[in-house]
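Read the structure below first, then the notes.
The values are calculated or read from the model by the stated rules, or taken from the named source; none is laboratory data. Just so we're clear, the structure is a prediction, and the values are computed from it rather than from any experiment. Positions of Cβ are generated from backbone atoms using ideal geometry, with glycine treated the same way; all protein chains shown enter the neighbour counts.
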Amino acid sequence: MPAAFLVCLPLVALAATSGPARSGGVPDSGRFVRHTVRVGGVPHDYAAWLPPGHSAHGDWPAILFLHGSGECGTDNRRQTDVGLGPALQAHPERWPFVVVFPQKPLEDEDWEEREDLVFAVLADAVRREGIDRGRVALAGMSQGGHGAWTIGARHPERWRCLVPVCGYGRALNVQRRAMRLPVWAFHGLRDDVVNPDDTRRIVAGLREQRRLNGLDPDEVRMTLFPEANHDSWDPAFASDSLTTWLVERLAKPRTP
């Protein structure tokens, strides 16, 4: 089977476009909220997307999203301005998840060096926003795609599935540790920042490990966009098929 393939799935009904009304009769179309968490005594701000109809008393599936190097900082805004954030605002009805956006302060450190921040933010969002901690997907783009591969492999028990976009990593480490996780990886074939062969190698390794261990290799998917450069996150997060796939993976009971 070729390493790269495009997948088209029918769109399932996810949520009503308008959703319940907020106070004053304004339709609930989803919104960002901003919070602060302390890590080692140091305050760090993060954002969370609350989908239409959200209630903190619910039991919500969630996505933790790791941004790229260009969105590093402490403004608590940039990480929601590129990648998944704009897709949520454009089509909130497609994304029936709480989405958590930590912000890594420094560009010259990898996400795995900030695991304490990632998990502190997730724990705080679980407490505040009614997230089911057993139904969380890990996604990321570019440097955050590397973070999704690496943190996903280091802690596979914490995630239901992975969505790395234009990411990179050590194929050998990822394929051994993350082989039981469903994956949908994306990359642009014209990417001149991160070589799409990085995604090809990791996906091929994961699929082979699944075959060797009696697992379905088709639970590891890859979509390569022929005309996309490094910004493959735009077509990736515009995909109805991706949201359908996430709904299915986050709705299933956890298997041994």
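What the table below lists for this structure:
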read-out: Of all residues in region 33-62 being among the hydrophobic types (A, V, I, L, M, F, W, C) and over 15 Å from residue 105 (Cα atoms), the one that is surrounded by the fewest Cβ atoms within 10 Å (Cβ to Cβ); value: 56
read-out: Residue match in region 100-108 (condition: out of contact with any helix residue (DSSP H, G or I) (no Cβ under 7 Å at 6 or more places or on another chain), assigned to a loop (DSSP other than H, G, I, E, B), at negative phi and without any contact (Cβ under 8 Å) to a residue 60 or more places away in the chain); value: yes
read-out: Some residue of region 143-164 being closer than 20 Å to residue 110 by Cα, within 16 Å of the chain's Cα centre (by Cα) and assigned to a loop (DSSP other than H, G, I, E, B); value: yes
read-out: Yes/no for residue 225 being of a type in the set (Phe, Trp, Tyr), more than 17 Å from the chain's Cα centre (by Cα) and modelled with pLDDT of 95 or more; value: yes
read-out: Condition broken by residue 113, with the remaining ones in (1) under 25 Å from residue 238 (Cβ atoms); (2) without any contact (Cβ under 8 Å) to a residue 24 or more places away in the chain satisfied; value: (1)
read-out: Tally, over region 176-225, of residues that are β-branched (Val, Ile, Thr) and part of a loop (DSSP other than H, G, I, E, B); value: 2
read-out: Pick from region 120-142, criterion part of a strand (DSSP E or B) and touching a His at 6+ places or on another chain (Cβ under 8 Å), ranking: surrounded by the most Cβ atoms within 10 Å (Cβ to Cβ); value: 141
